[in-house]
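Here is the structure we will look at, set down as structure tokens.
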There are 2 protein chains.
Amino acid sequence: MTASTWLHENFDKAGSSIGFRVTRKLDEVQSPFQKIEIFESTDWGNVMLIDGAMMLTTRDNFLYHEMMSHPALFTHANPKRVVIIGGGDCGTLREVLRHPGVEKAVQCDIDEQVTRMAEKYFPELCESNNDPRAELLFDDGIAYMANCEPGSVDIVIVDSTDPVGPAEGLFNKAFFESCHRALKDDGILVQQSESPLVLLDLIKAMRAEMGKAGFASFQTLPFPQPCYPTGWWSCTMAKKAAGADFGFREADARAKSFDTLYYTADLHKGAQALPPFVAQALALAQP
Amino acid sequence: MTASTWLHENFDKAGSSIGFRVTRKLDEVQSPFQKIEIFESTDWGNVMLIDGAMMLTTRDNFLYHEMMSHPALFTHANPKRVVIIGGGDCGTLREVLRHPGVEKAVQCDIDEQVTRMAEKYFPELCESNNDPRAELLFDDGIAYMANCEPGSVDIVIVDSTDPVGPAEGLFNKAFFESCHRALKDDGILVQQSESPLVLLDLIKAMRAEMGKAGFASFQTLPFPQPCYPTGWWSCTMAKKAAGADFGFREADARAKSFDTLYYTADLHKGAQALPPFVAQALALAQP
């Protein structure tokens, strides 16, 4: 038996910690942007850390990737052009491309090394990288969105690390203005929005910045995610129109042509029911 | 500023770990049954550990206590007599007694020291202990259920530690037979059933033991719980009748006379939608 040890991420902001039992470090690279490490674990497959923060494990990444993609894609009436900012592990791209109506999905991650590591240690997440509808760019997502043709995109998915370091610029008004301009009128912006239990202030601040950029309607969907702080995470969708409906194509979601491990139409509806303490903090009407 | 340190629970069975940043140990007692420790944390209020396992924090216990009580109490048509086995921190008892129709709630925990510690460090959980409908016993829950008058109880809530040590006997056929006998025909047994992600085998084994004891219908409801392994937990309800319906008194849940932080009728419905990988593992029809 291989010796094992415990690898902890102590998350200062929440005063909580998540860890996995690992057997060895498989790889490590210092890219121009960040330090990427891969560990082999006893129970969770491979684990990727960026600058010491848990990014994904083989075992539980399906929760995040399914919830970052399918709710938005089934909420939009007919999504054809999708842009993913970040998402270098390619797991969100794979889920997006499961939708047969998608004609083009651009993934723009600043750090090519994340994708190179994913290809090697999470190959299942990269299985759609050669789909003719996929375009992988390794470039600055802020510049990419700023230069996007206005009104050309149906969905922007911001699949970023936490709002510190390279991803800091993905949580402010200037970036959201670029997203707003690039999106069609009925477009949807979706962003990972951290823990609904301990990081509600961040969700509120993010919604406020989106609001300043012109987005007027929001929906936050919580979901479980063991490898992130508190094990409970969320994504937030934004639309341009005030009072926009976040009803989704439920019949299509029920009849979807692909399998999922977590997402279903019923799960989607369930996630729309915010717990009262979250709803109150976000100043929504109580469910 | 007080010095702080990180307190981790490394959970061998799942190869995962949960931790909190703590400032000091407030108390410790070795009871005849187990070691109980209380820590003060920087962000989660007080934290109780039993034999090194995180039991509850001030900040996140509402998730567990609300989900161990309200779904079962709103699923039963008219619950009057409730028995809680374990539950020494009194948080489940408090939630049960919020239901005005409950006439009697017996809490039977083998370890009086858990309640003494809760009174001191989680006084808000004990605020209903002097309710005239409450009876607190410090006795063997297995013997209590075995001696219960047959057909006298509407709901049995097994609010226990993990199935090792003092709680081991609360997860087998003999104990479930006692619960079955004590419950009325339309009675409900509800038990905490661990993580739906990594402990599915335990949920299956528990359902199998309940089945051998005569229970014929089951429903498992997942919910977030940051202080337990993987941050994702569940409770499982069992009924005697085959093909029993787990529809609940939705109108009553919407019109409930008390506030909750997590539970709502919509959350309850949402939790009924099991993710496909859980549903498949439990051999239920896909949602």
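The values are calculated or read from the model by the stated rules, or taken from the named source; none is laboratory data. Predicted model, so just to flag it, every value in this text is computed and none were measured. Cβ placement follows ideal geometry from the backbone for every residue including glycine, while neighbour counts extend to all protein chains displayed. The accessibility values were calculated without ligands, DNA or RNA, using every heavy atom of the protein model including side chains. Shrake-Rupley method; radii C 1.70, N 1.55, O 1.52, S 1.80 Å.
Restricting to DSSP H runs of at least four residues, report the calculated mean residue ellipticity at 222 nm for chain B, -39500 (n - 2.57) per run over all residues, nearest 500 deg cm²/dmol.
Numbers: 9 runs with 78 residues, N = 287.
For chain B, the value works out to -7500 deg cm²/dmol.
Return the whole-Å distance between the Cα centroid of the range A:146-208 and the Cα centroid of the range B:19-95.
Centre-to-centre (Cα) distance: 37 Å.
What is the angle, in °, between the Cα long axis of helix B:200-212 and the longest principal axis of the Cα atoms in chain B? Nearest 10 is fine, range 0 to 90.
40
Can you spot the aspartates and glutamates whose alpha carbon is less than 18 Å from A:K184's alpha carbon? Ignore those fewer than 8 places along the same chain.
Correct list for A:K184: A:E103, A:E149, A:D154, A:D245.
Does anyone have the angle between helix B:173-182 and the longest principal axis of chain B? Alpha-carbon axes, 0 to 90°, nearest 10?
Taking the Cα atoms of chain B, the angle to B:173-182 is about 60 degrees.
Summing both sides, how much accessible area is buried between A and B? Use a 1.4 Å probe and give Å² to the nearest 100.
3200
Which is farthest toward the positive dipole end of the protein assembly as shown among B:T23, A:F215, A:I85, measuring Cα position about the Cα centre, with Cβ charges +1 (Lys, Arg) and -1 (Asp, Glu)?
Of the listed residues, the answer is A:F215.
What is the average number of partner chain Cβ atoms found within 10 Å of a Cβ in A:264-270?
Across the residues of A:264-270, the mean count of other-chain Cβ atoms within 10 Å is 6.
For a Förster distance of 30 Å, can you work out the FRET efficiency between the beta-carbons of B:A143 and B:K80, rounded to the nearest 0.05?
Approximately 0.80, to the nearest 0.05.
Given chain A, what percent of its DSSP beta bridges are antiparallel, to the nearest 5?
Here the share of antiparallel DSSP bridges comes out near 65 percent.
When ligands, DNA and RNA are left out and all protein chains stay put, how many square angstrom of accessible area per residue does chain A have with a 1.4 Å probe?
Ligands and nucleic acids excluded, the result is 36 Å² per residue.
Which entries in A:K104/A:K269; A:K269/B:K204; A:K212/A:K269; A:K173/A:K269; A:K212/A:K239 show an alpha-carbon gap greater than 22 Å?
From A:K104/A:K269; A:K269/B:K204; A:K212/A:K269; A:K173/A:K269; A:K212/A:K239, over 22 Å: A:K104/A:K269; A:K269/B:K204; A:K212/A:K269; A:K173/A:K269.
Distances from A:D27 to the same residue in each other copy, label points 7 Å out along Cα→Cβ, in nm, shortest first?
From this label point to the equivalent ones elsewhere in the assembly: 5.2 nm.
Under the 0.36 nm per residue contour assumption, what length would be gained going from the current alpha-carbon distance of A:A283 and A:D131 to full extension?
50.5 nm
Among DSSP beta bridges whose residues both lie in the protein assembly as shown, state the antiparallel percentage, nearest 5.
Once the DSSP bridges in the protein assembly as shown are tallied, antiparallel ones form about 65 percent.
Have a look at A:F176, A:P224, A:A265 and report the one farthest towards the positive end of the charge dipole of chain A, computed about the Cα centre with Cβ charges (Lys/Arg +1, Asp/Glu -1).
Going by the Cα projections, it comes out as A:A265.
Picking from A:H8, B:N10, A:V96, whose Cα lies most toward the positive end of the charge dipole for the protein assembly as shown (charges on Cβ: Lys, Arg +1; Asp, Glu -1)?
A:V96
According to a simple spin-label model (label point 7 Å from Cα along Cα-to-Cβ), what is the distance in nm between B:F258 and B:K35?
Label-label distance for B:K35 and B:F258, simple model: 3.5 nm.
Give me the dipole magnitude in Debye, nearest 20, for the range A:1-159 about the Cα centre, with unit charges on the beta carbon: positive for Lys and Arg, negative for Asp and Glu.
For this selection, approximately 260 debye.
Taking the Cα centre as origin and putting +1 on Lys and Arg beta-carbons and -1 on Asp and Glu beta-carbons, what dipole magnitude results for the range A:103-149, to the nearest 20 debye?
Charge dipole of the range A:103-149: 80 debye, to the nearest 20.
Grab the residue from chain B whose Cβ hugs the B-to-A rotation axis most tightly, plus its distance in whole angstrom.
Nearest Cβ to that rotation axis, in whole Å: B:G231, 1.
Label-point separation (nm) for A:D186 and A:T42, each offset 7 Å from Cα along Cα-to-Cβ?
In this crude label model, A:D186 to A:T42 measures out at 5.2 nm.
With θ set to phi - 60° and the Karplus curve 6.51 cos²θ - 1.76 cosθ + 1.60, what are the ³J(HN,Hα) couplings of the range A:142-155 in order, to the nearest whole Hz, using x for Gly and Pro?
Computed from phi, the couplings for the range A:142-155 are 5, 5, 4, 5, 5, 9, 5, 4, x, x, 9, 10, 8, 9 Hz.
Compute the distance from the alpha-carbon center of the range B:242-272 to that of the range B:102-130, in whole Å.
Here the two parts' Cα centres lie 25 Å apart.
Classify the range B:5-57 as rounded, prolate or oblate, taking a ≥ b ≥ c as the square roots of the eigenvalues of its Cα gyration tensor: rounded when a/c is under 1.5, otherwise prolate if a/b is larger than b/c and oblate if not.
Verdict is oblate for the range B:5-57.
Measuring nothing but label to label, 7 Å from Cα along Cα→Cβ, what are B:D131's distances to the other copies in nm, shortest first?
With the label placed 7 Å along Cα→Cβ, B:D131 yields 5.1 nm.
Let me confirm one metric for peptide A:223-233, namely the mean number of other chain beta-carbon atoms within 10 Å of its residues' beta-carbons.
6
Using only Cα atoms, find the angle between the long axis of helix A:112-121 and the longest principal axis of chain A, and express it within 0 to 90 degrees, rounded to the nearest 10.
Tilt of helix A:112-121: around 60 degrees.
Can you give me the % of accessible surface on the protein assembly as shown that is carbon or sulfur? Probe 1.4 Å, all protein chains present, nothing else counted.
48
Please list the non-local residues whose amide H lies under 5 Å from the amide H of A:I188, H modeled 1.01 Å from N, same-chain partners needing a gap of 5 or more.
A:I155, A:V156
Could you sort the peptides A:227-237, B:106-116 by per-residue average Cβ neighbour count (10 Å cutoff), highest mean leading?
Descending packing order for the listed peptides: A:227-237, B:106-116.
Give the nm distances, rounded to one decimal, from B:E149 to the matching residue in every other copy, measuring between label points 7 Å along Cα toward the beta carbon; shortest first.
7.9
Roughly how crowded by other chains is peptide B:56-66, in terms of the mean Cβ count from those chains within 10 Å of each of its Cβ atoms? Kindly include the intermediate steps, with their values, before the conclusion.
Values: counts 0, 1, 0, 6, 5, 0, 2, 4, 0, 0, 1.
Shielding by partners across B:56-66 averages 2.
Rounded if a/c is under 1.5, else prolate if a/b beats b/c, else oblate: with a ≥ b ≥ c from the C-alpha gyration tensor eigenvalues square-rooted, which is the range B:130-287?
rounded
Which of rounded, prolate, oblate describes the range A:1-124, given a ≥ b ≥ c as roots of the alpha-carbon gyration tensor eigenvalues and a/c under 1.5 marking rounded, otherwise prolate only if a/b is larger than b/c?
Here the range A:1-124 falls in the prolate category.
Could you give the nm distance between label points at A:K104 and A:E28, where each point is 7 Å from its Cα heading toward the beta carbon?
4.2
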